[in-house]
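The values are calculated or read from the model by the stated rules, or taken from the named source; none is laboratory data. Note that the structure is a prediction, hence the values are computed from the model and not measured. Note: ideal-geometry Cβ built from the backbone for every residue, glycine included; neighbour counts use all protein chains shown.
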Number of protein chains: 2
Amino acid sequence: MSKKSASARGRPKTLDRDQILQTALMAYWEQGPANVSINDICHLTGASKPGVYREFESDDGLKRSVLEQYRGLAIQPVIDILERDQPTLETLDALIGFMTQERAPLGLPSGCLFVMMRAQSHHFGPSTREKLTMLRSDLLGHYETWIERSKSRGEFADIPTEIAALFMDAQHGGAMRMQREGVPNTTIARVLEISLKTPIVGAGPARA
Amino acid sequence: MSKKSASARGRPKTLDRDQILQTALMAYWEQGPANVSINDICHLTGASKPGVYREFESDDGLKRSVLEQYRGLAIQPVIDILERDQPTLETLDALIGFMTQERAPLGLPSGCLFVMMRAQSHHFGPSTREKLTMLRSDLLGHYETWIERSKSRGEFADIPTEIAALFMDAQHGGAMRMQREGVPNTTIARVLEISLKTPIVGAGPARA
DNA sequence: AATATAAAATACCAGTAGGTACGATAATGA
DNA sequence: TCATTATCGTACCTACTGGTATTTTATATT
């Protein structure tokens, strides 16, 4: 890991890895990964194509790295919410709040790159696909531990943990898809209130 | 409309429109629309490229036509279930049954082409996008009339109809995505039991 | 038989994708 | 000073995309 600051031997590198990652991340997120070529990223960043390939090895490698970057940006916050020790209902509210946050003021695209990439994982190389699978099972794992903790407090319905985790993941994916299709965040939040809270804490509307 | 059987003037057409549509439909469904080129479809069907363009005008036109075809195959059955005059719970069971049907024995790919295409609608031409939007609002409309009918029988929770329709659409999309990711249909069905039934008829597990 | 019509398919177009060979360049170590 | 090392970027490669110009062929009409 101590390769950066130590003066290397040859010509010093001018290529800005983080800038490329950030630019690619935003371009993928906004336009969809399949609509952004390596050439596009070169033009956007001013980097040369061999430079990008030297740094990331291949299209597959770049996408894998972007996904890693995206994890810190948009998946970890979800995990952080799950790991705060809060009453179940408050966690659910925090999740809904995070998902339906207005993106434009933050300069962030709508939808979720992770969800988008999962939906078209067969377009990607093996390395990216592997990363996708790992991120997915990691996220599901965090859902599961949170569910178990909620259950131990008696604050979670009697649903098998594995099923409940898939259920929460599905609600998240649904919300992100709606956002991409232009459904207003307030509306998405109302849907999530019903779809997330009712099955989990029974806090939904009265039955007719 | 009486152009087919009437003997036309020039060279008789040998191009089989339906075969192309069917082949393209299956290829799109299996591999994702973005992974199937017109060339692929030509090779699969034996048709020549200008023939395909003569029939469908463009990539956009072909995709629109395929989508139309897909409607009859996989969207209309859902609408038919909604239009059967059944108790709400039976309709929900029928929907869950349809979504989690084993596809392999029927020779059908898993997932839903409509859901896939909605998720990447920005890859397509204007005509295809228009069709997608129309299909979406048509489906949502059918959900809404079914919801209203259920409400009038007192068999639907007190959820605004528009919200409930988006909710149902989201559950459908989530199920199709899980299926694509390889989640077993029995598991998906259990998730749907919770996510669909609990909010709508309160038939979920007891709260803790 | 000659002509009009329409569909057939080969062979091509420009554009772009992912990827790389290779000579130039900027630093360090001897 | 001079070799060594490593990154630089131009210019290129092949493959394939959506799309079409052009010629040939099979029919119906005259």
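When the stretch B:19-39 is filtered for residues that are away from DNA strand C (no atom under 14 Å from the Cβ), without any contact (Cβ under 8 Å) to a residue 40 or more places away in the chain and either surrounded by fewer than 18 Cβ atoms within 10 Å (Cβ to Cβ) or away from every other protein chain (no Cβ under 14 Å) (or both), the ones remaining, listed by number, are B:THR23, B:GLN31.
Restricting the first member to the stretch A:1-15 and to residues that are under 23 Å from A:PRO50 (Cα atoms) and at pLDDT 50 or above, and the second to residues that are more than 9 Å from DNA strand C (Cβ to nearest atom) and hydrophobic (A, V, I, L, M, F, W, C), the beta-carbon pairs closer than 8 Å and six or more apart or on different chains are A:LEU15/A:ALA47. Exactly one residue among A:GLY107, A:GLY125, A:GLY111 is modelled with pLDDT of 95 or more and within 12 Å of the chain's Cα centre (by Cα), and that residue is A:GLY111. I'd like to check something: does the stretch A:54-73 contain any residue that is buried (at least 20 other Cβ atoms within 10 Å of the Cβ), away from DNA strand C (no atom under 16 Å from the Cβ) and away from chain B (no Cβ under 14 Å)? The answer is yes, given that some residue of the stretch A:54-73 is buried (at least 20 other Cβ atoms within 10 Å of the Cβ), away from DNA strand C (no atom under 16 Å from the Cβ) and away from chain B (no Cβ under 14 Å).
Checking the stated criteria, A:ARG118 turns out to be at the interface with chain B (Cβ under 8 Å from one of its Cβ atoms), in a helix (DSSP H, G or I), at pLDDT 95 or above and under 19 Å from B:ALA119 (Cα atoms). The set of residues from the stretch B:182-204 being touching a Lys or Arg at 6+ places or on another chain (Cβ under 7 Å) and either crowded, with 24+ Cβ neighbours inside 10 Å or within 7 Å of chain A (Cβ to nearest Cβ) (or both) comprises B:VAL201, B:GLY202, B:GLY204.
Here the condition is being farther than 24 Å from B:MET134 by Cα, within 13 Å of DNA strand C (Cβ to nearest atom) and hydroxyl-bearing (Ser, Thr, Tyr); of B:THR88, B:THR45, it holds for B:THR45 alone.
Selection within the stretch A:43-55: residues that are within 14 Å of A:LYS13 (Cα to Cα) and of a type in the set (A, V, I, L, M, F, W, C). The member of this set that is farthest from DNA strand D (Cβ to nearest atom) is A:VAL52.
How about the stretch B:145-166: which of its residues are among the charged types (D, E, K, R), surrounded by 16 or more Cβ atoms within 10 Å (Cβ to Cβ) and either without any contact (Cβ under 8 Å) to a residue 60 or more places away in the chain or more than 7 Å from chain A (Cβ to nearest Cβ) (or both)? Once the filter is applied, which keeps residues that are among the charged types (D, E, K, R), surrounded by 16 or more Cβ atoms within 10 Å (Cβ to Cβ) and either without any contact (Cβ under 8 Å) to a residue 60 or more places away in the chain or more than 7 Å from chain A (Cβ to nearest Cβ) (or both), the stretch B:145-166 yields B:ARG149, B:LYS151.
Listed by position, the helices (runs of 4 or more DSSP H) contained in the stretch B:1-74 that have at least 3 residues being within 23 Å of B:ARG180 (Cα to Cα) are B:17-31, B:59-70.
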